[in-house]
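The values are calculated or read from the model by the stated rules, or taken from the named source; none is laboratory data. Keep in mind that what you see is a predicted model, and the values were worked out from it rather than measured. Note: ideal-geometry Cβ built from the backbone for every residue, glycine included; neighbour counts use all protein chains shown.
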C-alpha cells in the first residue's frame, strides 16, 4: 500500500478554524497518510509558541451563543469590550465538557506523528515575525513553489 | 473470557481522539494481537470502519451497547 499524501493550506487564525487542519492532519497521519500543512496569513497564528486563539460572534451570524443570544442580542453588543474574551472562554469550556481536544493537544499530536509544517516566508516577513522566536520547533519556511511541489504530489489538497 | 490483548478506554472523548489514541495503542501491539476500544462518540462507528480499511487492520467487531460502542481491532502484519 503506497503512502497517500494530504496537503492543506491554512489561512485562518481563530480558535474555531484552528480545528480543521489539525484534526485532519493528525487523523491522516493515524491512517498512514503523509500530511503536510502550509500556514499563510492569519493561519500563522496556529504555529506560534504561545497560542492566543479566540472566537468572535462579531460578523458571524452562524455562531450559536448561549441562551439563544444569537437570536435577540444586538449585533453591536457583540462588539463590546470583553465579549470576545467571554465567548472564547465559553467555547473552550463547552469543548472541554464535550471531550474535544484542545488546539495545543491536537497540534502536539500532529508534530508527534510527523506532520510536516511549513510557514509562508512572505507573510512571516509581512507581519515582521521572527520564525525562530515566534514559532514552535519543527517549522520550515517556504513559498508558493514549495507548496505547489508538495501539492502536486498529493492525493488530497485542501484550502482552509 | 478476554478475547483481546489490550483495552483502550476512549469514553468521553470526541473526534478525532478515539482514532488517534487507538493508533498509538496499536503501535504497542504485535501482529495478530487484538485491541479493544470502548467509546461514547457515535461518530466513532463509521470512523473505526474507515480507520481499519485505510490502515489494513481488521475490524473484528463493532458493537453498540446502550451509549457505549465497542470495537475489536486486530493488528495485521
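If you go through region B:60-77 and pick out every residue that is free of Cβ contacts under 8 Å to residues at least 24 places away in the same chain and crowded, with 17+ Cβ neighbours inside 10 Å, you end up with 1. Of all residues in region A:107-117, those satisfying the criterion of being under 15 Å from residue A:48 (Cβ atoms) and touching a residue at least 24 places away in the same chain (Cβ under 8 Å) are A:107, A:110, A:111, A:117.
Applying the selection to region A:91-103, what residues are more than 12 Å from chain B (Cβ to nearest Cβ) and either exposed (fewer than 13 other Cβ atoms within 10 Å of the Cβ) or touching a helix residue (DSSP H, G or I) at 6+ places or on another chain (Cβ under 6 Å) (or both)? Hits for region A:91-103 are A:93, A:103. Looking across B:8, B:20, B:35, B:13, one residue alone is without any contact (Cβ under 8 Å) to a residue 12 or more places away in the chain and in contact with a helix residue (DSSP H, G or I) (Cβ under 9 Å, 6 or more places away or on another chain). It is B:20.
Quick test of your reading of the structure: residue A:115 fulfils all but one of (1) out of contact with any strand residue (DSSP E or B) (no Cβ under 6 Å at 6 or more places or on another chain); (2) within 14 Å of another protein chain (Cβ to nearest Cβ). Name the failing condition by number. Status for residue A:115: all satisfied but (1).
For region A:19-44, give me each residue that is assigned to a helix (DSSP H, G or I) and more than 14 Å from chain B (Cβ to nearest Cβ). Hits for region A:19-44 are A:41, A:42, A:43, A:44. Taking the numbered list (1) at pLDDT 95 or above; (2) in contact with a helix residue (DSSP H, G or I) (Cβ under 6 Å, 6 or more places away or on another chain); (3) surrounded by 20 or more Cβ atoms within 10 Å (Cβ to Cβ) in turn, residue A:57 passes all entries but (1).
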